[in-house]
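Just so you know, all these numbers are worked out from the coordinates, no wet-lab data involved. Bear in mind that the values here come from a model prediction, so they are computed numbers and not experimental data. Positions of Cβ are backbone-derived with ideal geometry, glycine not excepted, and every protein chain shown enters the neighbour counts.
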Amino acid sequence: MKKVLLLFAVVLTTAAFAQNKNAKASIEVDGVCLMCKDRIEKAAIRTKGVKSAVWNVETHELKLIFDERKTDLKKISAKVASVGHDTKEIKATDEAYNSVHPCCRYRDENVVGDHKN
């Protein structure tokens, strides 16, 4: 009986802490153009554990496939913010934001307006 209870406890614990190696999620990332797309996707992909990253210029949605055992959305957001792009969780530093190309300055209303035309 003790062996059965021990086995049950091990299985239950393992199931509770199991993490998905192909987790899917999406986060909103600010940007305005194809240069932003390239920068955002590269930053996400360079995060250990990220298998796929596709950012949509129109919706600002970054769709991800990643290994939850190696990373999480907060780490991915931090990596994207480090190259100058704000996410809902993490805002890029002024230094990182100012490092992006002038056409990619999504906080500037004039730049955003130029990309809508």
Out of D67, D94, sole residue that is under 15 Å from N22 (Cβ atoms) and not aromatic (F, W, Y): D67
Filter pass, K116 being free of Cβ contacts under 8 Å to residues at least 40 places away in the same chain, closer than 30 Å to Q19 by Cβ and not aromatic (F, W, Y): no
Which listed residue, of K37, K70, K24, is of a type in the set (K, R) and closer than 17 Å to H115 by Cα: K37
Cross-chain or 6+ apart pairs with Cβ under 9 Å, the stretch 83-109 first and among the β-branched types (V, I, T), then part of a strand (DSSP E or B): T87/I27; T87/E28; T87/V29; T87/L62
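So which residues in the stretch 55-70 are of a type outside the set (D, E) and within 10 Å of the chain's Cα centre (by Cα)?
W55, L62, K63, L64, I65, F66, listed by residue number.
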